[in-house]
Amino acid sequence: MPHHLETDRLWLCPWEAADVAAARPIFGDPEVMRYINGGVPCSDDQIRESIFRQQNHFRSRGFCLWKLLLKSDARLIGDCGLQPLELDGVSEVEIGWRLAKDQWGQGFATEAAHAALQHAVEHAHLERVIAIAMPENRASLCIMEKLGMNYERATQKDGFPIVVYARHFGEKLSL
């Protein structure tokens, strides 16, 4: 099982406890968090909890929300990958992404999500992955469509209205 994934421009790596300071400007930015939790910046304790949770997912499942590093300067620019999600009483696997504001619109989320999906299907043998977004998050909805995901339904998560997209994988992965 690889300890990191690689794309043309990115490394997707497991989180380390020392990543809190590097993650703070991203997780603490209300604009970045706008469609994740309504714009509430994460505290250092919340960032630590998130890192710990992703480390556990990687150890137990072989996938996680990987930290994203630019190959050009090894700078942390966000996260992308898969994690378990309980939604409407059903255990699912969700793909998600979060990028620093200065990295928006450059295709990094789509690039990283393709790598994360490929890894999930090949190494974790997943047959279904979902993505959720607030309906007004047009950028994420476009990424979901680029990933070959299809609209399933509208629901709520943590008091926020969301839409659910899904992708089913057959014998052969085609991204």
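In units of the compact-protein estimate 2.2 N^0.38 Å, the chain shows a Cα radius of gyration of 0.96. Per residue, the convex hull around the alpha carbon atoms of segment 43-116 comes to 124 Å³.
Radius of gyration (Cα atoms) of segment 83-175, expressed as a multiple of 2.2 N^0.38 Å: 1.06.
Sequence-distant contacts, meaning Cα pairs under 8 Å at least 6 residues apart, place the relative contact order of segment 17-175 at 16 percent. For F52 and R153, the difference between the fully extended length at 0.36 nm per residue and the C-alpha to C-alpha distance is 33.3 nm.
A short reminder: the numbers here are calculations on the coordinates, not readings from a lab. Computed from a predicted model, the values in this text were never measured in an experiment.
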